[in-house]
Amino acid sequence: MTKTKRAVRRQALVAAFPYTVPIFAGFWFLGLAYGIYMNVSGFSFWYPMLMSLTVFGGSLEFVMVTMLLSPFTPIETLLLALMIQARHIFYGIAMLEKYKNLGWKRFYLYFSLCDETFSLNYTLDVPPGIDRGWFYFFISLLNHIYWFTGSTIGGLAGTLISFNTEGLDFVMTALFVVIFLEQWRKEKKHFTVLIGFIASISCLLLFGPETFLLPTMALILLLLTLFQKPIEKAGGLTADVSERTVNS
Amino acid sequence: MMTLTERIITIAICAFATMSTRFLPFLVFSEKRSTPKYITYLGKALPAAIFAMLIVYCLRNVNLFSGSNGIPEALAIIVTCALYFWKRQILIPIAGGTISYMLLVQFVF
């Protein structure tokens, strides 16, 4: 029996939604904060709305508030934006296999590959009977909508919103911790995790919280390249997508 | 002060920079050709290292030697991990960890 296209889409949406609930909490909190920040910096809600729709990257959007209030320096803007967003190249490399053969949807999937969407789409196993492409698509789309609506509402409401949300931003930390544990469980050996922690903690101590991401990424790349042979030999990698489906 | 056009160009540049970092791997390693072995290796080896990096990134402003010494963060992460290993699912540990962190910073520390 073949399901209609609509049924396939609806099932994928229903399957994807629960996983995006933590992102909803996190993005509404951060998005509201960002929208309010833009509002009190003197920008109309059109700015956070347009930026969340087109840039869709939280850390850069926060930096852009300062950029937009400074003199016009397009080349510096481009370089700074590329540096802040460089980690997305890693996400793309990791998603090459999973985003294969997904038709037109793949272009939106590439476009919307933020930290949180990458974490979910990389780690989650698509539930049985659910269309892979639509599942990834709805995870990406819902997250995009949460960020977009949150920042627009923040931009509209400005300082009208005040309730005690102190600590709510921890939802993103908790999300990454859980994603990390999911990944940890799927690996037989944990060399790459160790490399990630050693690189980021040592770079954080050396370069400080504002600029440690780029050196961390370079160091991770270097260590993974140097230790490619031993890591592969010891079986310290996640199983393939296909292998994983058979095992689960 | 920037003019409206300059602001729009600035936003467009940032959107372009973001999109280029997100599209680059897919453009370089097209679906039709097979991906080099080294890149396939990186695709598998990078995520775990990146998730570790993202956790450190979230906690980058925690100071162990002043304020609450990172205790609420440590406790909330322990709660998150404990709930994860107990329930083996995603939502409960995230909710539990976040709520305990909020309670800790609002009422205890």
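Please treat every number below as a calculation from the coordinates, not as lab data. Bear in mind the structure is a predicted one, so any value in this text is a computation, not a measurement. Cβ: placed from backbone, ideal geometry, glycine included. Neighbour counts: every protein chain shown.
Could you list A:Asp169, A:Asp125 so that the one with the fewest beta carbons within 10 Å of its beta carbon is first and the one with the most is last?
The most exposed by this proxy come first: A:Asp125, A:Asp169.
If I require 27 Å or longer along the helix axis, counting alpha carbons, and a Kyte-Doolittle average no lower than 0.5, what helices from chain A are left? Use full DSSP H segments.
In chain A, the long hydrophobic H runs are A:5-40, A:132-157.
Arrange A:Leu120, A:Leu79 by Cβ neighbour counts within 10 Å, fewest through most, would you?
If I rank by nearby Cβ atoms, fewest first, I get A:Leu79, A:Leu120.
If one computes the Cα centroid of the stretch B:1-52 and of the stretch A:37-87, what distance in Å separates the two points?
17 Å
Of the chymotrypsin sites (Phe, Trp or Tyr not before Pro) in the stretch A:120-163, which ones lie in a loop per DSSP and count no more than 15 other C-beta atoms within 10 Å?
Sparse-neighbourhood loop chymotrypsin sites (Phe, Trp or Tyr not before Pro): A:Phe163.
Taking beta carbons within 10 Å but only from partner chains, what does the mean come to for residues A:219-228?
Taking the mean over all residues of the peptide, I get 3.
If I take every Cα pair under 8 Å that is 6 or more residues apart in chain B, average their sequence separation and divide by the length, what percent do I get for the relative contact order?
Reported relative contact order: 16 percent.
HN-Hα J couplings of the stretch A:99-112 from phi, Karplus 6.51/-1.76/1.60, θ = phi - 60°, integer Hz, Gly and Pro as x?
Result, rounded to whole Hz: 8, 7, 6, 10, x, 5, 4, 4, 5, 5, 4, 5, 4, 9.
In the stretch A:62-119, which GluC sites (Glu not before Pro) fall in coil by DSSP and have 15 or fewer other Cβ atoms within 10 Å?
A:Glu97
What Rg and what Dmax come out for the stretch A:187-237 when only alpha-carbon atoms are used, in angstroms?
Spelled out, the Cα radius of gyration and Dmax of the stretch A:187-237 are 11.8, 36 Å.
Using alpha-carbon pairs under 8 Å, 6+ residues apart, how would you state the relative contact order of chain A in percent?
Numbers: 236 pairs, mean separation 78.9, N = 248.
Averaging sequence separation for qualifying contacts and normalising by length gives 32 percent for chain A.
Going from the alpha-carbon gyration tensor of chain A, what semi-axes, largest first and in whole Å, does one get by taking the root of 5 times each eigenvalue?
31, 26, 17
Normalise the Cα radius of gyration of the stretch A:30-142 by 2.2 N^0.38 Å (N = residues in it) and let me know the number. Walk me through the numbers before you get to the answer.
Values: Rg = 16.3 Å, N = 113, 2.2 N^0.38 = 13.3 Å.
Taking N as the residue count of the stretch A:30-142, the ratio is 1.23.
Please report, for the Cα atoms of the stretch B:44-109, the Rg to one decimal and the Dmax as a whole number; what are they, in angstrom?
Reported Rg and Dmax, both Å: 13.2, 42.
For the stretch A:90-130, what is one quarter of the convex hull surface built on the Cα atoms, given in nm²?
Details: hull surface 12.3 nm².
Mean projected area for the stretch A:90-130: 3.1 nm², to one decimal.
Sorting check: for A:53-64, B:72-83, B:29-40, B:46-57, which peptide has the highest mean count of neighbouring beta carbons within 10 Å, and how do the rest follow?
Per-residue Cβ counts within 10 Å, averaged per peptide and sorted highest first, yield B:46-57, A:53-64, B:72-83, B:29-40.
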